[in-house]
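Student: Before anything else, here's the structure in question.
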Amino acid sequence: PPKVPSNMDASWEQPRSKPEYAPTAMPPAPELPEWANKLLSFENWPIKLGMLLLLVGLASGYRYLAARGYFNVPIEMRLIAVALAAIAALVFGYGKREEKRSFSLSVQGAALGALLLTVYASFRLYEKLDGPTAFTLMLIIVAVGVVLAVLQDALWLALFATIGGFAAPILASTGSGSHVHLFGYYLILNLGILAIALKKGWRSLNFLGAICTFGIGIGWGANYYSPEFFNTVEPFLLAFFAIYLAITVLYTLRHGAGEPVLDG
């Protein structure tokens, strides 16, 4: 065998082990927006699901007891009692905003939903409210929800109130209203979203508002539009485009200080 030079180590004669290769790392999963993380967080979902099941359970239990004749009171008193209980829950939930935020927001959302459903039932099911009154009450409930969302920096509460706001005229519609009144209401609602955009960078709220506005507009146009409506419809269409263009610019200016930001 060859001699090993004195200045070299004898380990060169030993067979070399195969080089170890690190497994290819999987690319990191895309990060969800902050609002999605809050919405999908474990601590929030049981509470939200519990509140939803509570509403369903209360409605089912109430209907069962009423069918069995346990409530011998006028329907007006029942509706008022439900509304007062929802208002009490709303106040209670708001009072817990500092101690238990997730619980507080869930209670407030459930209370607002109960109020909207009560107004809807009073109008559609029992005919105890006329269309304008029901619409006004729904508008007030939605406005309260938006104010609470901004005060508490609660995006999903704002989303809930916005959905209720867009649904209110549809729920309270009798089929005989003016499209000018309908689009005028949506103009006010969208101006509210624009006002929120001045304070909050809630992109999902802006997206929801745009989808609801133009979705309902397209649905109305496909079913009811005729050429003589052009002069009373086109100004609203231009106003809606201007509002969401302004919202997009506001979002870009607010979040584009460090690097370019695009918002479609």
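Student: With each pseudo-label sitting 7 Å past Cα toward Cβ, what's the Thr133-Phe214 distance in nm, one decimal?
Tutor: 3.9
Student: Now a separate question. So, by mean Cβ neighbours within 10 angstrom, what's the order for 216-223, 197-204, 153-160 with the highest one leading?
Tutor: The packing order, highest mean first, is 153-160, 197-204, 216-223.
Student: Any idea what Rg and Dmax come out to for region 117-204 if you just take the C-alpha atoms, in Å?
Tutor: 13.7, 41
Student: Taking a quarter of the surface of the Cα convex hull of region 90-153, what do you get in nm²?
Tutor: If I average the Cα hull's projected area over directions, I get 4.2 nm².
Student: Given a 1.4 angstrom probe, I'd like the percentage of the accessible area of region 105-181 that is carbon and sulfur, rounded to a whole number.
Tutor: Details: 2310 of 3340 Å².
After summing per-atom areas, the C and S share lands at 69 percent.
Student: Apply the Debye scattering formula to region 140-255, with a single equal point scatterer on each alpha-carbon and no solvent, then give log10 I(q)/I(0) at q = 0.12, 0.13 Å⁻¹.
Tutor: -0.43, -0.51
Student: In square nanometres, what is the average projected area of the Cα convex hull of region 173-214?
Tutor: Seen from a random direction, the Cα hull of region 173-214 projects 3.2 nm² on average.
The values are calculated or read from the model by the stated rules, or taken from the named source; none is laboratory data. What you see is a predicted model, and the numbers here were worked out from it, not measured in a lab. Quick reminder, even Gly has a Cβ in these numbers, built from the backbone with ideal geometry, and neighbours come from all protein chains shown. To get the accessible areas, we keep the full protein, side chains included, count just its heavy atoms, and leave off ligands, DNA and RNA. Shrake-Rupley method; radii C 1.70, N 1.55, O 1.52, S 1.80 Å.
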